[in-house]
Amino acid sequence: MKTLFVSYRVTDLDRSLGFYTALGYVELGRVEAGDRSHLVILKFPGEPAASLELVHRPAGGRVDVGSSFDHLAIQVDTLAATLERLTDAGLKPGPVQNPGGPHGPKTSWLTDPDGYRIELVEWPPGHPDGITAADFP
């Protein structure tokens, strides 16, 4: 088994698509689900398959993220360049943080139009791609 993608319900599909395409996602496909509802499947250009689905159900009303969701983590190659690109696109990423100290990962946070939090992560040099068992002593 493997995780296929994360799915977010969104209030305004065009606004959310603008945000996620500015972040770097590209649209893989979409499905009209009836009752004016849409499913839009996204991925990053380097990914082999979908990784995010935006669900727009106008009849469901405004999205309330609530307190049970925490965040989506996205790995980036160079955090400084990513933050500059996002700022130029009109997004508002937070300051760079070093949660693991000066030799650990660099992170920055931003929030999408519905309040979903996103953590951008740049691994230190030599760190393997992603999180593996080696990250846990």
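The values are calculated or read from the model by the stated rules, or taken from the named source; none is laboratory data. The structure displayed is predicted, hence computed values, not measured ones. Neighbour counts are summed over all protein chains in view; Cβ atoms, including those assigned to glycine, are modelled from backbone coordinates with ideal geometry. For accessibility, only protein heavy atoms count, side chains too; no ligands or nucleic acids. Shrake-Rupley method; radii C 1.70, N 1.55, O 1.52, S 1.80 Å.
Cβ-Cβ contacts under 8 Å between residues 6 or more apart (or on different chains), taken from a first residue in region 31-44 that is farther than 14 Å from Leu4 by Cβ to a second residue that is among the polar types (S, T, N, Q), are listed as Phe44/Ser51. Residues in region 71-81 that are touching a residue at least 40 places away in the same chain (Cβ under 8 Å) and more than 27 Å from Val31 (Cα to Cα): Gln75, Val76, Asp77, Thr78, Leu79.
Only one entry of Val121, Val76 meets the criterion of being buried (at least 16 other Cβ atoms within 10 Å of the Cβ), under 25 Å from Phe136 (Cα atoms) and touching a Leu at 6+ places or on another chain (Cβ under 6 Å), and that entry is Val76.
Do you know which of the residues in region 45-60 that are of a type outside the set (A, V, I, L, M) and in contact (Cβ under 8 Å) with a residue 24 or more places away in the chain is most open to solvent (accessible area, probe 1.4 Å)?
From region 45-60, those of a type outside the set (A, V, I, L, M) are 45-48, 51, 53, 56-58, 60; that's our starting set.
Within this subset, residues satisfying the condition of being in contact (Cβ under 8 Å) with a residue 24 or more places away in the chain are 51, 53, 56-57, 60.
Numbers: Ser51: 29, Glu53: 24, His56: 31, Arg57: 120, Gly60: 51 Å².
Result: Arg57.
Limited to region 38-57, what total is found for residues that are more than 17 Å from the chain's Cα centre (by Cα) and under 18 Å from Asp112 (Cα atoms)?
1
Taking the conditions (1) under 13 Å from the mean Cα position of the chain (by Cα); (2) at negative phi in turn, Gly60 satisfies each one other than (1). Looking only at region 86-115, filter to residues that are without any contact (Cβ under 8 Å) to a residue 60 or more places away in the chain and over 24 Å from Ile131 (Cβ atoms); which one of those is least open to solvent (accessible area, probe 1.4 Å)? Only one residue fits best here, namely Gly115.
Spot the failing condition for Arg15; the list is (1) closer than 23 Å to Asp135 by Cβ; (2) over 12 Å from the mean Cα position of the chain (by Cα); (3) touching a residue at least 60 places away in the same chain (Cβ under 8 Å), and only one is missed. Result: Arg15 fails condition (1) only. Residues of region 1-44 that are in a strand (DSSP E or B), touching a Phe, Trp or Tyr at 6+ places or on another chain (Cβ under 8 Å) and buried (at least 16 other Cβ atoms within 10 Å of the Cβ): Tyr8, Ile41, Leu42, Lys43.
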